[in-house]
There are 2 protein chains.
Amino acid sequence: MDERQALAAFAALSQETRLQIVRLLVVAGADGMAAGALAERVEVSPSNISFHLKELERAGLITQQRESRSIIYRAGYDALGGLVRFLMEDCCGGHPEICAPAVAAASCCAPAGAKA
Amino acid sequence: MDERQALAAFAALSQETRLQIVRLLVVAGADGMAAGALAERVEVSPSNISFHLKELERAGLITQQRESRSIIYRAGYDALGGLVRFLMEDCCGGHPEICAPAVAAASCCAPAGAKA
DNA sequence: TCCATATTTCAATAATCCTTGAATAGTTGA
DNA sequence: TCAACTATTCAAGGATTATTGAAATATGGA
């Protein structure tokens, strides 16, 4: 992840519809969701969801895969992780306790036993 | 962290100068940096850095504190952590191994021994 | 008080982004 | 092949955001 990619990713996430899409896909996990299903959930037109999905893909935050008539979108967990890493690089000047809140945040779904 | 705050935060991070500011402050830790020092490092005019610092503060990502003539800015690690948590909420549909890359990302500066 | 330092505010211009609806393209089953 | 379903593309208009330089504010020391 370089600065250019990070900027594109943050820009992608700074729009309501797109942020909702990413969050839905993050929850959906490996199953992903079809474009139409996403459009229903976030209540926007097909053409509008398509516009935003393209933007998210261009930013590298989601992937697409055709499955019969539908196109399934999935969260790009690697890219999301890379984004967090880029933002927190060399953080807190050697005093880990200072940025503990930020670090702890990502233990979101770690299996019991793994700690941040 | 609600959606409104998250959108403001991502919008704030989606601009080159502001992203550089946040990254510098994340590295600076508790010491923070003065507005002028930031302006020098990212090579923009005083008025421009001021504009972007205000934007970052409005988004809740940084804090300011006057110290004699200078105004010292510091990263808001709580807000950054909250942002990550918001993005990853209920992630990966109950399959933690899928979003492991994202979770691992935030072990950035964890003290030796802690791992994600 | 006067000057220098450090930073912010303001107004105007330039650039970018979102929404909308109609038209187009790919896939499937009859 | 035809019709239905699913999704994307395109162009136009409206709205938001960044940059610039000059002027203003706040602080500290002579």
**Tally, over the stretch A:49-65, of residues that are more than 8 Å from DNA strand D (Cβ to nearest atom) and farther than 17 Å from residue A:28 by Cβ** = 4
**Request:** Please work out which one of (1) near DNA strand C (Cβ under 9 Å from one of its atoms); (2) on the phi > 0 side of the Ramachandran plot; (3) of a type in the set (Gly, Ala, Ser); (4) touching a Leu at 6+ places or on another chain (Cβ under 8 Å) is the condition residue A:14 fails and give its number.
**Result:** (2)
**Prompt:** From the list A:28, A:39, A:6, A:100, which residue is buried (at least 18 other Cβ atoms within 10 Å of the Cβ), part of a helix (DSSP H, G or I) and modelled with pLDDT under 85?
**Reply:** A:100
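Can you tell me which residue within the stretch B:9-25, out of those that are within 12 Å of DNA strand D (Cβ to nearest atom) and of a type in the set (A, V, I, L, M), is surrounded by the most Cβ atoms within 10 Å (Cβ to Cβ)? Don't jump to the end; show me each part of the working.
So the first thing to find is which residues in the stretch B:9-25 are within 12 Å of DNA strand D (Cβ to nearest atom), and the list is B:10-21.
Next, from what is left, pick out any that are of a type in the set (A, V, I, L, M): B:11-13, B:19, B:21.
Numbers: B:11: 18, B:12: 23, B:13: 26, B:19: 21, B:21: 29.
Restricting to residues being within 12 Å of DNA strand D (Cβ to nearest atom) and of a type in the set (A, V, I, L, M), the top hit is B:21.
Determine, yes or no, whether residue B:60 is more than 12 Å from chain A (Cβ to nearest Cβ), more than 14 Å from DNA strand C (Cβ to nearest atom) and in contact with a helix residue (DSSP H, G or I) (Cβ under 9 Å, 6 or more places away or on another chain).
Spelling it out, residue B:60 is indeed more than 12 Å from chain A (Cβ to nearest Cβ), more than 14 Å from DNA strand C (Cβ to nearest atom) and in contact with a helix residue (DSSP H, G or I) (Cβ under 9 Å, 6 or more places away or on another chain).
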**Asked** Given the residues B:39, B:34, which is the only one that is within 28 Å of residue A:96 (Cβ to Cβ), touching a Ser or Thr at 6+ places or on another chain (Cβ under 8 Å), near DNA strand C (Cβ under 9 Å from one of its atoms) and among the aliphatic types (A, V, I, L, M)?
**Response** B:34
**Message:** So, in the stretch A:63-82, how many residues would count as being polar (S, T, N, Q) and either near DNA strand C (Cβ under 10 Å from one of its atoms) or in contact (Cβ under 8 Å) with a residue 60 or more places away in the chain (or both)?
**Reply:** 2
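Here is a check on your reading of the model: is residue A:84 within 23 Å of residue B:5 (Cβ to Cβ), touching an Asp or Glu at 6+ places or on another chain (Cβ under 7 Å), more than 8 Å from DNA strand D (Cβ to nearest atom) and modelled with pLDDT under 95? So that I can check it myself, show each step before the final result.
Working: within 23 Å of residue B:5 (Cβ to Cβ): yes; touching an Asp or Glu at 6+ places or on another chain (Cβ under 7 Å): no; more than 8 Å from DNA strand D (Cβ to nearest atom): yes; modelled with pLDDT under 95: yes.
So residue A:84 fails the test.
Are any of the residues in the stretch A:42-55 part of a helix (DSSP H, G or I) and more than 12 Å from DNA strand C (Cβ to nearest atom)? Spell out how you get there, then give the answer.
Our first condition is that a residue be part of a helix (DSSP H, G or I); within the stretch A:42-55, this holds for A:42, A:46-55.
Within this subset, residues satisfying the condition of being more than 12 Å from DNA strand C (Cβ to nearest atom) are none.
The answer is no, given that none of the residues of the stretch A:42-55 is part of a helix (DSSP H, G or I) and more than 12 Å from DNA strand C (Cβ to nearest atom).
The values are calculated or read from the model by the stated rules, or taken from the named source; none is laboratory data. Fair warning: this is a prediction, and the values are worked out from it, not measured in the lab. Positions of Cβ are generated from backbone atoms using ideal geometry, with glycine treated the same way; all protein chains shown enter the neighbour counts.
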